[in-house]
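Asker: Dumping the structure here so I can ask a few things about it.
No lab work stands behind these numbers, since they all come straight from the coordinates. This one's a predicted model, so the numbers in the text were calculated from it and none came from an experiment. Methodologically, a virtual Cβ is constructed for each residue, glycine included, from the backbone with ideal geometry; neighbour enumeration extends over all protein chains shown.
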Amino acid sequence: MGLLNEGSEIVIVQEDLCKELGLKVNKKRKMTMQTANGKKEEIQGCVKYLELEVRKVKMYVHPFVVQIAPYWLLLRRPWQKEVKLGKIE
């Protein structure tokens, strides 16, 4: 399960999920991001070409890895546009 955040500019994946799935994390790709609540979070690295499939739509993303998050996967607004996701409010 993931979360779509229309304000996010990057894709985030929790470190525990990376371990569970056996994903290779490039630990050389480090940075700090500012979260919605104003705190700073250290990025642990990046996963290259992670294949996502949502309702039979496949695509590849490069999620940044965080140690602790209230979600396993955070998708960004540009991802929503790339897969032409429509929503009804």
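Asker: Take 33, 59 and order them by how many other Cβ atoms sit within 10 Å, fewest up front. Kindly include the intermediate steps, with their values, before the conclusion.
Answerer: Working: 33 15, 59 12.
Fewest-to-most ranking of 33, 59: 59, 33.
Asker: If a paramagnetic tag sat 7 Å from the Cα of residue 30 along the Cα-Cβ line, which residues of the range 55-74 would have the backbone N under 19 Å from that point?
Answerer: So the set is 63-69.
Asker: Sticking with this one: Could you line up 76, 29, 55 from fewest to most neighbouring Cβ atoms inside 10 Å?
Answerer: Ordered from fewest to most neighbouring Cβ atoms within 10 Å, 76, 29, 55 come out as 55, 29, 76.
Asker: Then there is this: What distance in nm separates the two pseudo spin-label positions at residue 48 and residue 3, each 7 Å out from Cα along the beta-carbon direction?
Answerer: Going from the residue 48 label point to the residue 3 one covers 2.9 nm.
Asker: Using Cα pairs closer than 8 Å and at least 6 residues apart in sequence, work out the relative contact order for the chain, in percent.
Answerer: With pairs under 8 Å counted, the relative contact order is 42 percent.
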